[in-house]
Every structure is written in structure tokens, then in C-alpha cells.
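**Student:** Below are the C-alpha cells for one structure; questions will follow.
Nothing in this text is a laboratory measurement; each read-out follows from the coordinates by a stated rule. In this text, all values refer to a predicted model and were calculated from it rather than measured experimentally. Heads up, the Cβs are rebuilt from the backbone with ideal geometry, glycines too, and the neighbour counts pull from every protein chain shown.
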Amino acid sequence: MRLLPDLVLTPHGWVADCAVAITDGRIAFVGPVRAVEPGDVRLPGRALLPGTVNAHCHTFQSLLRGLGDDLDFMGWRDRVLYPFSERLDRDGIALGAAFAFAEMLRHGATTCVDFFYLNDDGNENAEAVIEAARRVGIRLVLARALYDWEGAPKRYRESVPEAPRRVASLIAAHRHDDTIRVQPAPHSAHGASAAMIRAGWEVAEEADTPFHIHVAEGQYEGQRTLAEHGATPIRYLDTLGVLGPRTIAVHCVWLEDDEIALMAARGAALAYCPSSNMFLGDGITRVTEMLAAGIRVGLGTDGGCTNNRLSVFEEMRMTSLLQRVRHLDGAVLGARAAFDLGTRSGAALLGLETATIAPGQLADLVAVDLDDPSLHPRTDLLASVVYAMSPQAITDVWVHGRRVVEHGRLTTVDMDELLTRIRSLTTGWRL
Ligand SMILES: [Zn+2]
């Protein structure tokens, strides 16, 4: 199959009259169109971009959207997250995942990390999320959590021998899937014991995967880790031996200068969630300093009830704007840098060959309507995509070569039916 848009965003910039050929889920060829062939998909008036990579999300949280929007972090956690996540059975978890995946695809996110912790002492719930991803048609990295802090709901918690054994078996079960990866994810320095964090690391080493962990989202976390373990979060993780090139540290809002230097020295990466950090009033991650130190960065939306949007294009914009506010400088972190974080850089942290339109890369693509008012005037199209583009401009999406959004509508699931089920499940949910 070949796609024939007006413009293609390649690593070298925009190219006109360019075909993108797809074979077995990968881009086989990017180059000039000599003649239109049978089976070509013509996309007049569209530009083709790489699909975006959502490096951190919790999909079930989309079902909690709107419940505690004006609470602080502790209020949100204790009055919304903990009690309402207890209402979800396996069907509810799968429904929340499908809902979030559907919304992300319509916003041009073709890969999603679901940091998943409603495990109920097994892998069946995670498998239900994986099945939902396959059905809706998104590329999924299931960051399978390991959690043993007794303050959290029981269904999040597992024992140290059981959790890593289950994560390892889930990784093995999906190792050869085209669109699914499983990676270990101890919840955080406060949500997982030292033994649990270490056990998750060993699974990552054994299976040679990335390793996800929440780090220093709120100020209280640093104080608590310091009080309990005698070190701030990054130093603590380093003493456990779990800070390295496979580490994806989520948030990192409250790091000291030498923690940034330590992350850089160890090669650890950041999954940055600017909208969520703003929404919960967490603070501002020092992304420009982290990038300058050589730390690799991807962008995440975080859960649907702490953002409350699920668009990586939105996170590109917020990344740039928030750093400008912090530095009082409108020249900081420009459109190209922000676009890179939400695409190629995020894919690289996850170990995925996606988010670049080039031969050999996975065929995860987004078409945007060049006639959309938000992309006018046509001065700097990439800057307009980052700062100005309306979600309505996204018309078509392909994941692994499968067209999952066509003319703005999902091809894989019935959105009306999905929304009917969401309304029925959440009827009467109030604080
Ligand atoms: Zn998170």
C-alpha cells in the first residue's frame, strides 16, 4: 500500500509529491511519485506526520474524568483515585482502556504507555487492556506496575516474589507481538519497597526492556524518601542500582541540581507530563536544564483525570509554553524541539522504531487537513502543528499500517456504542 499526501514530514523536513509505501506494518519506501498505481491511497490536501508517542498514561483514569478536577493531589488521590478505581471490574478496566485509546488515536497518538496498576494479584486485567489496545488499534507499551505499599488499595498490591514473576511472564507472552510490548514499572519510591523496585529492575535486565518509575512528582515525595531512606528520590534509586539507560523516570518535578547531573551521568530518561503537573499543581520540571545535561525526554499526557486531555500535540505546546513562563523567555524550547520530544525522542526511550517517517520504521502515521483554519496562514507548518493545530485537523491515522481513523472517525470500534457504555457505567458517580 502507498499513501500519497501533498506533503510528508521526513527527518529532512517537508517533502512535496512524496509517496510513503507500507509493507507488513513498516515503511518500505519514502520517495517521489512517478505514477499513481492501483491500490494507492490518495490523500489530497493532507500532510503526513509521524504518529505521536504518549510516554506516560493510566488509561482507566479516563473513566474518572471530571470527578475531582479542583482538588489538590492528596484530595484527588484519596477521594477520587483510590475509591473510584475500586469500582472497576475487568470489563470496566477494558472499557476505560478502549475509551482512552480511542480518544488518543483521534488526537494523533499512535503509541501509548499504559502504566497499569489495577492488577488484582494476576495478569488477567493487564491482558484485558492489551486486548482493548489490539481491538481499538493503538500501539501499546503496557508498563506493568509492581506495587506493595500498604497505604494503597489492596487490588494494587502484590508480594515481592509474585509481582516480578507475573511481569516476566507477561513480557514473555507478548515478546513477539507486532503492536504490544510489556515493560516493568515499580510504582515509585513510596509505592514500592526497595525489594520490589530491585525485583522490577532485575526483570528489566533479564528481558532487556526499559524500566518505568514515578519520581518526585510532588514535593512531599522528596521529603518522604529522604525521611524513610536517607536520600532524595534519584539518589535513593541510584543506591538501589536502578538508575541507568533503561530507566524512564516519570515527572521528576523536584530534583536537585546534582540529581539532574546524576540522571545524566547514568543515562536515565524522563517521561515529562506538563499538563498533568500543572493540573495537579505539582510544579515545573526543569526540562531545559535536563535536556542541556543530555537527558533523553519523552512526553506523556498522564491519566485522563489529571490533564484532562489525551493529546501529545497538546503536551508539545505545553512543554514549550511552561518552560517559557519559567524562564521569562519566549525563545526557549522551540517548536522543532517540542515536536521531537513528542515523537522520535519518546519512541527512542521506549525502544520502539517508530515516530520517524523513514524506510524501516514502523508505519504509525497521522494525516492532517491542510485546509483546516488552524493551519493557516501557511508560514511555518511545523510550528503551526505544535502551537496552533486544532484536533479537528487530524483526519486519518495508521498504526502498524492499519488505518484506524478515517476522515476523523475510528474504523475499529463504534464510538457511539463505546460512549453509551461509558455513560451507563459512570451514571451517578459523584464525590
Ligand atoms: Zn503516572
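**Student:** How large is ³J(HN,Hα) for each residue in segment 94-108, as worked out from phi by the Karplus curve 6.51 cos²θ - 1.76 cosθ + 1.60 (θ = phi - 60°), to whole Hz, x for Gly and Pro?
**Tutor:** For segment 94-108, the Karplus-derived couplings read 5, 5, x, 5, 4, 4, 5, 4, 4, 5, 4, 4, 5, 9, x Hz, x marking Gly and Pro.
**Student:** Scan segment 326-431 for chymotrypsin sites (Phe, Trp or Tyr not before Pro) in coil per DSSP, keeping those whose Cβ has at most 15 other Cβ atoms within 10 Å, and list them by number.
**Tutor:** Here the chymotrypsin sites (Phe, Trp or Tyr not before Pro) that fit, given the DSSP loop and packing criteria, are 429.
**Student:** Among 130-140, 295-305, 69-79, how do they line up by average Cβ neighbours within 10 Å per residue, starting with the highest?
**Tutor:** Highest to lowest by the protection proxy: 295-305, 130-140, 69-79.
**Student:** Assign unit charges at the C-beta atoms only (+1 for Lys and Arg, -1 for Asp and Glu), then state the dipole size of the chain relative to its Cα centre in Debye, rounded to the nearest 20.
**Tutor:** Computed charge dipole of the chain: roughly 420 debye.
**Student:** Averaged over every viewing direction, what's the projected area of the C-alpha convex hull for segment 68-188? Give it in nm², one decimal, please.
**Tutor:** Result: a mean projected hull area of 7.6 nm².
**Student:** I've got another one for you. Going by average Cβ density within 10 Å per residue, which order do the peptides 151-162, 353-364 take, highest to lowest?
**Tutor:** 353-364, 151-162
**Student:** So, one more: Give me a comma-separated list of calculated 3J(HN,Hα) values for segment 211-217, in order, Karplus coefficients 6.51, -1.76, 1.60 applied at θ = phi - 60°, integers in Hz, x for any Gly or Pro.
**Tutor:** Along segment 211-217, the couplings run 9, 9, 7, 6, 9, 6, 6 Hz.
**Student:** So, one more: Which value, in debye to the nearest 20, gives the size of the charge dipole of segment 341-396 about its Cα centre, when Lys and Arg are +1 and Asp and Glu are -1 at the Cβ?
**Tutor:** 200
**Student:** Sort 261-268, 22-29 for me by packing, meaning the mean count of neighbouring Cβ atoms within 10 Å per residue, highest on top.
**Tutor:** Peptide ranking by packing, descending: 261-268, 22-29.
**Student:** Among the DSSP beta bridges whose two residues both lie in the chain, what percent are antiparallel, rounded to the nearest 5?
**Tutor:** Of all bridge pairs located within the chain, approximately 45 percent are antiparallel.
**Student:** Any number yet on Rg/Rh for segment 286-353, C-alpha, Kirkwood?
**Tutor:** Dividing the radius of gyration by the Kirkwood radius yields 0.97.
**Student:** Let me ask something else. Quick one: which residues, 5 or more positions from residue 143 or on another chain, have an amide H under 5 Å from its amide H? H modelled 1.01 Å from N in the peptide plane, none for Pro or chain starts.
**Tutor:** 114, 115, 116, 183
**Student:** Same structure again: Please report, in whole Å, how far the alpha carbons of the chain spread along each principal axis, starting with the longest.
**Tutor:** Sorted largest first, the three principal extents are 66, 47, 42 Å.
**Student:** Using alpha carbons only, how many degrees (0 to 90, rounded to 10) separate the axis of helix 257-266 from the longest principal axis of the chain?
**Tutor:** 70
**Student:** Taking the Cα-to-Cβ direction at residue 202 and at residue 79 and moving 7 Å from each Cα, how far apart do the two end points lie in nm?
**Tutor:** 4.2
**Student:** Let me ask another. What size of dipole, in debye to the nearest 20, comes out for segment 208-266 about its Cα centre when the only charges are +1 on Lys and Arg C-beta atoms and -1 on Asp and Glu C-beta atoms?
**Tutor:** 140
**Student:** Calculate the length of the line joining the C-alpha centroid of segment 400-429 to that of segment 9-78, in whole Å.
**Tutor:** 17
**Student:** Filter the trypsin sites (Lys or Arg not before Pro) in segment 386-431 to those in DSSP coil with at most 10 other Cβ atoms within 10 Å of their Cβ, and list the result.
**Tutor:** Counting only loop positions with at most 10 other Cβ atoms within 10 Å, the trypsin sites (Lys or Arg not before Pro) in segment 386-431 are 430.
**Student:** What do you get for the angle between helix 219-229 and the principal long axis of the chain? Use alpha-carbon atoms, 0 to 90 degrees, nearest ten.
**Tutor:** 50
**Student:** Another question, if that's okay. Within 10 Å of each candidate Cβ there may be at most 16 other Cβ atoms; applying that plus a DSSP loop requirement, which trypsin sites (Lys or Arg not before Pro) in segment 326-399 survive?
**Tutor:** Counting only loop positions with at most 16 other Cβ atoms within 10 Å, the trypsin sites (Lys or Arg not before Pro) in segment 326-399 are 378.
**Student:** Rounded, prolate or oblate, given the Cα gyration tensor of segment 1-49, with a/c below 1.5 counting as rounded?
**Tutor:** Because a/c hits 1.5 or more and a/b fails to exceed b/c, segment 1-49 counts as oblate.
**Student:** With just the Cα atoms defining each centre, how far is segment 352-367 from segment 243-292? Give it in Å.
**Tutor:** 26
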